[in-house]
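Since the structure comes first, as structure tokens, the remarks are kept for the end.
The values are calculated or read from the model by the stated rules, or taken from the named source; none is laboratory data. Predicted model, so just to flag it, every value in this text is computed and none were measured. Note that each Cβ is placed from the backbone with ideal geometry, even for glycine, and that neighbours are counted across all protein chains shown. Remember, those area values only see protein heavy atoms, side chains included, never the ligands or the DNA or RNA. Shrake-Rupley method; radii C 1.70, N 1.55, O 1.52, S 1.80 Å.
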Amino acid sequence: MTDNSITFRHQSVRDLAWAVSSPPLLWYGGEDCTWFSDAWYLEQYKVIAKQLHRLDQDPARLECLLSAQKDQRLGNYFETLWAYALELNPRYQLVERNLQINDGERTLGEMDFIVRDNDSGRYAHWELAIKFYLGIGNTRYHSAWHGPGKKDRLDLKVDHLLRRQVLLSTHPVARSLLKKRGIVIDDGAVILKGRLFYPWQQQGAEQFPLSANPSHPMGHWLTRRQLLASYDAGTRFEPLIRSGWMAKKPTTQENDGCTAEGLIAQVDGGQYRLPMQVARLEGAAEAERLFIVDNNWANFET
């Protein structure tokens, strides 16, 4: 699938284009909620593409919104990009964002987006997430996919989305609150994006997890030992520390980045720490995404 984000100059606009147009990680049919298809995401991108090119000339408002967020974590960044995209899309109206549902002093949860489809007049509850998982062992199972810090897993995230988050709009307290605002939820949807990093040994024979979207973004993870043994001094890498996890970061020269040895030297010197996502460069272009981990990372207790 073509990366529509690479045509833009500003990272924030590239990330917005990627957030909308990139394929989802998973696709489920027959669920009570919607898992949008690649074609749906591409259509939403096409609707706003001209406006994104104008925005790329002056992204000040978007960047102001992003920098003003109290929560600077990637998930909130992703939500803000989608909120802005909906402002540009005449079909959809973002009615509520992060609507907290309270039963007295007890918090039941938070609804990410409530969206009105202006074509049909229907309201939908959307749950959004962006995740980067590394596969350990039999990657056909959702339980084999861990966050870089091994604090979350794909199976737990999907279960939380489907069995708790999406169902929040059906709770009587939520229904009562929404009714007071003139809203009746007709549909639910999950937007789950990110990237799956397969074990280095699976290159060319990746074992996709069940329900994986065939076109999902992917990369590979390898240990620092494997990195040093696999790449010569001519291979360059760009560390992705505070940005670049979504859309590609453009490089300006063929000698941008650093060697594998230089990368590990900076880790040992305290400039970077593992696990770390990097882009492997070919000339002035990004060739692939990698996650570098400590040699014993896969043996850590979860």
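Numerical summary
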quantity: Segment 172-296: translational diffusion in µm²/s, Stokes-Einstein, Kirkwood Rh over Cα pairs, 4 °C, 1.567 mPa s; calculated: 76 µm²/s
quantity: At most 16 other Cβ within 10 Å, DSSP loop - trypsin sites (Lys or Arg not before Pro), segment 132-195; calculated: 140, 150, 151, 181
quantity: For the chain, the longest site-free run once GluC sites (Glu not before Pro) in DSSP loop states with at most 10 other Cβ atoms within 10 Å are removed; calculated: 106-300
quantity: Given charges at Cβ of Lys, Arg, Asp, Glu: segment 140-251 dipole, positive-most of 146, 161, 233; calculated: 161
quantity: Net charge, residue 136 excluded, C-beta distance under 11 Å - Lys, Arg +1, Asp, Glu -1; calculated: +2
quantity: All Cα pairs of segment 1-93, percent lying beyond 17 Å; calculated: 51 percent
quantity: Rg to Rh quotient for segment 141-221, alpha carbon positions, Kirkwood Rh; calculated: 1.14
quantity: Angle in degrees between helix 74-88 and the longest Cα principal axis of the chain, rounded to the nearest 10; calculated: 50 degrees
quantity: Check: segment 47-184 dipole with +1 on Lys, Arg Cβ and -1 on Asp, Glu Cβ, in debye; calculated: 300 debye
quantity: From the coordinates shown, percent of Cα pairs over 24 Å apart corresponds to which of (i) 65; (ii) 60; (iii) 56; calculated: (iii)
quantity: Under-5 Å amide H pairs with residue 194, H placed in peptide plane, nonlocal only; calculated: 25, 131
quantity: Pairwise Cα inverse-distance average, inverted: Kirkwood Rh of segment 9-154 (Å); calculated: 17.2 Å
quantity: Separation of alpha-carbon centers, segment 1-60 and segment 262-281, rounded to whole Å; calculated: 29 Å
quantity: Helical contribution to [θ] at 222 nm, DSSP H n ≥ 4, -39,500 (n - 2.57), averaged over the chain, rounded to 500; calculated: -8500 deg cm²/dmol
quantity: Accessible area per residue, Å², the chain with all protein chains present, probe 1.4 Å; calculated: 49 Å²
quantity: Qualifying trypsin sites (Lys or Arg not before Pro) in segment 53-133, DSSP loop, other Cβ atoms within 10 Å at most 11; calculated: 70, 73
quantity: Dipole of the chain, positive end: most advanced residue of 192, 212, 69 [Cβ charges, Cα centre]; calculated: 69
quantity: Reduced Cα scattering model of segment 82-177, Debye log10 I(q)/I(0), q = 0.17, 0.19 Å⁻¹; calculated: -0.87, -0.96
